[in-house]
Structure formats: C-alpha cells, structure tokens
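Read the structure below first, then the notes.
The values are calculated or read from the model by the stated rules, or taken from the named source; none is laboratory data. Please read all numbers here as calculations on a predicted model, not as lab measurements. Backbone-built Cβ (ideal geometry, glycine too); neighbour counts: all protein chains shown. We work out accessible area using only protein heavy atoms, side chains counted, and drop any ligands, DNA or RNA first. Shrake-Rupley method; radii C 1.70, N 1.55, O 1.52, S 1.80 Å.
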Amino acid sequence: MSDDTESLDGTERTDGSGLPVSPDDETPTWSERKKRSVGLNRLTYEYFERSRREDQDLRQESSYVERDVLGFPTWPHEIIRNLSIASFFVGVILFLSATMPPHIGAPANPSSTPAIILPDWYLYWSFGLLKLGPLNPELAILGGQKLTADRTYGVLANVVVVGIIAMV
C-alpha cells in the first residue's frame, strides 16, 4: 500500500471490513468504491461512475466550450431509467387491478329504458347547456312569452360555446 492510506501511527486505515479507505482529501477511485460496496450499492456506483466517465470522455472529445451543455447519451442512461420507472408504475397498476376488480352492475335490459339517461363524460357540458330552460328569458315585449323554446335555447347555447372554441 502507498503511504497515503496509512494513518499517523503507520497502520493502514480500513473501513471495518478490511478494505482500505482513501484519505479525507482524496476522492476514492471507481475501483475502490466498487470494492467497498455490495448488491444494489455496487450497481449504483458502477452506473454513476460509468456515466461520469462517459460524460468526462464526451467533454474531452468535444469541441464545445464549457458553457455548452453536454448531457448523457440516451442509450443506455435515459432508456434504462425511463424503463425502470415505467415498469414500476405498470406493476402498481397491475397490482391494483388484480386486487381491486371493478364493480360491474346488473346486466342491461334491452327491453326497458333506464330512468336516468346521461351522455358520455365528455358531453356533460353540452348536456348541461341543453337544460338551461329556466334561464331562457321571458320577454315583456311579447307579453311574457319566451322568444324561443327551451330546447332551441339550449342548442343555441351549444352553438355559441362551439363557435367561441372554433374562433380560438
């Protein structure tokens, strides 16, 4: 061993498992970190050290000045990270779908009309505009009569909303 891994009394400094520890003023090398860690820690060290070394190599080979941004290559860094995150969330969704099945009501009866008929969720706004009958103004000029029928008023309200969206 070199002199820089020895303590003041001449003995070698170790981390408790017998592996040498680098001095406080020196960053441990990749191989030293690899030797000191096991399992997931080892894989993490290897991944980030490889990323750091590849980034350093990219910076040395590049003609960019320091202010230019150099990132990690998409393969394998970003792809592996994104696949692991996506796999986690797919696993959560599969777990939830396996443990909490959806409630399915009674089968539909084709010979009877249901009491409440609702549109699909994306048409609720239009369905609400069709029910604006109470807001249909009664004009005093016509003797308290409405200018249009309630249904026509709801359709005109839909036309106004769709027209505004179309203009945008």
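Summary table below
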| quantity | calculated |
| --- | --- |
| Filter pass, PRO114 being modelled with pLDDT of 85 or more, assigned to a loop (DSSP other than H, G, I, E, B) and not assigned by the TED database to the domain that holds THR44 | no |
| Residue among ALA86, ALA108 that is within 30 Å of GLU46 (Cα to Cα), out of contact with any helix residue (DSSP H, G or I) (no Cβ under 9 Å at 6 or more places or on another chain) and outside the structural domain of GLU46 (by the TED database) | ALA86 |
| Residue among VAL21, VAL92 that is at pLDDT 70 or above, open to solvent by less than 60 Å² (accessible area, probe 1.4 Å) and aliphatic (A, V, I, L, M) | VAL92 |
| Test for LEU40: is it modelled with pLDDT of 80 or more and of a type in the set (A, V, I, L, M) | no |
